[in-house]
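Presented below is the structure to which this report refers.
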Amino acid sequence: MDPYSIIVKPQLTEKSMNAIDQNNELTFVVRRTANRSQIKRAFEDMFDVKVERVNTQIRSTTGQKLAYIKLKEEDSAEDIAMKMGVF
């Protein structure tokens with residue numbers, strides 16, 4: 001499956017910005033039918049980094065599925081955020 005069809009867009013909130021700095025973690029809106037292993041594989045293919053873990057949550061207000069992607073220590077979430085133009 002195409003990684004760009006799984007990962008829809010970054011979720012930019014104050015909480016997600018703090019997670020980038022403090023937890024080396026990025027937050028994305030993902031396809032609702034995607035599972036954790038598909039999200040992990042798609043993210044690693046898109047950004048050429050190693051993912052430590054993926055947690056998911058479905059927002060009750062919008063029905064969107066969020067993926068909290070924690071990167072391994074050798075990779076930086078800040079660098080990925082800069083590549084995407086967040087900072």
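The values are calculated or read from the model by the stated rules, or taken from the named source; none is laboratory data. Keep in mind that this is a model prediction, so the values were computed, not measured. Glycine gets a Cβ as well: all are built from the backbone with ideal geometry, and neighbour counts include every protein chain shown. Surface areas here come from the heavy atoms of the whole protein model, side chains and all, with no ligands, DNA or RNA. Shrake-Rupley method; radii C 1.70, N 1.55, O 1.52, S 1.80 Å.
The table below gives the values:
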{"item": "Residue-by-residue Karplus 3J(HN,Hα) for region 53-69, coefficients 6.51, -1.76, 1.60, Hz, glycine and proline x", "result": "7, 10, 10, 10, 8, 9, 6, 6, 6, 10, x, 7, 9, 9, 10, 9, 10"}
{"item": "Net charge, Val49 excluded, C-beta distance under 15 Å - Lys, Arg +1, Asp, Glu -1", "result": "-3"}
{"item": "Within the chain, longest stretch clear of exposed GluC sites (Glu not before Pro) (DSSP loop, no more than 15 other Cβ within 10 Å)", "result": "1-72"}
{"item": "Per residue accessible area of region 25-68, 1.4 Å probe, in Å²", "result": "56 Å²"}
{"item": "For Thr56, residues with placed amide H under 5 Å, excluding near neighbours", "result": "Tyr68"}
{"item": "Accessible carbon and sulfur surface of region 26-87 relative to its total accessible area, %, 1.4 Å", "result": "40 percent"}
{"item": "Neighbour net charge for Phe87 - beta-carbon separation under 11 angstrom, K R +1, D E -1", "result": "-2"}
